[in-house]
Number of protein chains: 2
Amino acid sequence: MSGKAIVLLSGGMDSTTLAYVMAQAGYDVIGLSLRYNQRHVKEVACAAEIMRGLQGAHHVIDLSAWGRQMKSVLTSDVGAIPEGHYAADNMSQTVVPLRNPLFLTIATSIGSSLGAAVVAAAVHAGDHAVYPDCRPEFTEAFTAMAEVALDGMHKPRLRFPFVEKTKAEIVVMGHAAGVPWAETWSCYKGGAQHCGRCGTCVERAEAFAVAGVVDPTSYDDPTYWETVTDFWGDAE
Amino acid sequence: MSGKAIVLLSGGMDSTTLAYVMAQAGYDVIGLSLRYNQRHVKEVACAAEIMRGLQGAHHVIDLSAWGRQMKSVLTSDVGAIPEGHYAADNMSQTVVPLRNPLFLTIATSIGSSLGAAVVAAAVHAGDHAVYPDCRPEFTEAFTAMAEVALDGMHKPRLRFPFVEKTKAEIVVMGHAAGVPWAETWSCYKGGAQHCGRCGTCVERAEAFAVAGVVDPTSYDDPTYWETVTDFWGDAE
């Protein structure tokens, strides 16, 4: 396969794996990252480093003015990032309304302007419980909307290859593709190193464990994840 | 009716009429304008003045970083703004891919965060020929997408009351509502005064004439529109 592929690249494990897989498939990968007043903006620097490794272009679009209007602990200094498992009720505080519709609209409009063959995003099954804009019914509705809104213009194909995959399955794929895990960033707190306690750190540590892949991440609290997952079969 | 209504406000005739009509209906109107590297950015200052007149809040979100990536004569210094009637082939140069999906996503996400009752946009029938993201099939697809993407969150009602109305019909409504036409801005060239020759100036002048409402606009070329419309029944 060939042509340009715009990959929404947060700098996390899933989107980095997607960028690697698409590069291996022969696409000219263009990473697209967004600044949206997120606390963990260091993910954007990680994304830049990842695209240097892939020798692909990297675009960063600033949406901070939008992010400041969003009522989410991710985009505000008020309130604490919740700790625990993604499936817990408190994780809804991390939802940013219509974040994926916004990021995908930007990616698809740039893809149309550039004549890209594909626009891809790494939404996956582990996100479905908390984030409605990661579910298959969303990706289908978005694709239908873009189809009519781009009538008469260049239409990149929209691809969501991980939408039914677990994060552990993505780790297995990324491991095979040679993803430099230590360069990826997950933690919502955006501190010096991964906290090990927020929803995305717990999910990260668990995914490596389930996949049987060595986790190179330095966590402030490296064992917390075991207490809030059922990895050992004894969590509540 | 009551509650907050986010109105996408370009500062043009249609969105200003919509803001006035919704204010008269009892909504607390919040105007939302976007900077997207458009040549006619002076429309944003007009929108601010209009919201001062309505004594409503006005939010401006900067999307310039996105606009610079768009291949459109509206967002680039390269190429000339086409002149003539909107129905002409050359008007496709003014299309910005997924502009309305982007603006509506931003408006709807802010509406969800603010607990707004309504998000409204003034797409109308005169836009259908050139702009696919102004057609009923788009507004329906967007509404369906937002419905699933906001699952579990506050969902503002999406309203497109002008989607089947002509611009002349909007002028009649705006006239009754007391819209200060001289404060509105249409011209894509964004010069000192309206050019009278670009697609949106032609549409503006024609709409006033068809509606039988006095046009207070000063055009550089005040009679060009008559030569490219069939107002007198003798155009090609």
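Throughout, read-outs are computed from the coordinates displayed, never taken from laboratory work. Computed from a predicted model, the values in this text were never measured in an experiment. So basically every Cβ, Gly included, is an ideal-geometry build from the backbone, and we count neighbours across all protein chains shown.
Beyond a 22 Å Cα-Cα separation, which of these cross-linked pairs lie in this structure: A:Lys4/B:Lys71; A:Lys155/B:Lys189; A:Lys71/B:Lys4; A:Lys155/B:Lys167; B:Lys71/B:Lys189?
Checking Cα-Cα distances, A:Lys155/B:Lys189; A:Lys155/B:Lys167 exceed 22 Å.
If we hang a label 7 Å off Cα along the beta carbon direction at A:Gly53, how far is it from the matching labels on the other copies, in nm, shortest first?
Result, one decimal in nm: 5.6.
Please compute the Kirkwood hydrodynamic radius over region A:89-236, one decimal place, Å, based on all pairs of different Cα atoms.
17.0
Using Stokes-Einstein with the Kirkwood hydrodynamic radius over Cα pairs, what translational diffusion coefficient do you get for region B:4-180 at 4 °C and a viscosity of 1.567 mPa s, in µm²/s rounded to a whole number?
78
Are there trypsin sites (Lys or Arg not before Pro) in region A:1-73 that DSSP marks as loop and that have at most 13 other Cβ atoms within 10 Å, and which are they?
Here the trypsin sites (Lys or Arg not before Pro) that fit, given the DSSP loop and packing criteria, are A:Arg68.
Only four residue types carry charge here, +1 at the Cβ of Lys and Arg and -1 at the Cβ of Asp and Glu. Report the dipole size of the protein assembly as shown about the Cα centre in Debye, rounded to the nearest 20.
Roughly 760 debye, rounded to the nearest 20.
If you average the C-alpha positions of region B:168-236 and of region B:77-149 separately, how far apart do those two centres end up, in angstrom?
Region B:168-236 and region B:77-149 have Cα centres separated by 21 Å.
Projected area of the protein assembly as shown, taken from the Cα convex hull and averaged over every viewing direction, in nm²?
That works out to 22.7 nm².
With N residues in region A:178-225, what two-decimal value do you get for its Cα radius of gyration over 2.2 N^0.38 Å?
Against the compact-globule rule of thumb, the ratio is 1.03.
Taking the square root of 5 times each eigenvalue of the Cα gyration tensor, what semi-axes in Å does the equivalent ellipsoid of region A:8-74 have, largest first?
So the equivalent ellipsoid measures 24, 11, 10 Å along its semi-axes.
Let me know the mean shielding of B:59-69 by other chains, meaning the per-residue number of their Cβ atoms within 10 Å of its Cβ.
5
Placing +1 on the Cβ of each Lys and Arg and -1 on the Cβ of each Asp and Glu in chain A, which of A:Gly190, A:Val163, A:Ala45 has its Cα farthest towards the positive end of the resulting dipole?
It is A:Ala45, whose Cα lies furthest towards the positive end.
Work out from phi, with θ = phi - 60° and the Karplus expression 6.51 cos²θ - 1.76 cosθ + 1.60, the ³J(HN,Hα) of each residue of region B:30-37, listed in order in whole Hz, and give x for Gly and Pro.
10, x, 10, 10, 10, 9, 9, 6
Under unit Cβ charges (Lys, Arg +1; Asp, Glu -1), what dipole magnitude, rounded to 20 debye, does region A:4-228 have relative to its Cα centre?
With only Lys, Arg, Asp and Glu charged at Cβ, the dipole is about 540 debye.
Evaluate peptide A:122-134: per residue, the Cβ atoms of other protein chains within 10 Å of its Cβ; return the mean as an integer.
For this peptide, the per-residue mean of nearby foreign Cβ atoms is 1.
Counting alpha carbon pairs within less than 8 Å and at least 6 residues apart, what relative contact order, in whole percent, applies to chain B?
23
What number, in percent, do you get for the relative contact order of region A:28-86 if the mean sequence gap of Cα pairs under 8 Å and at least 6 apart is divided by its residue count?
41
Which residues' amide hydrogens lie under 5 Å from the amide hydrogen of B:Val60, considering only partners 5 or more residues apart or on another chain, with H built in the peptide plane?
Close amide H contacts, sequence-distant or interchain: B:Ser33.
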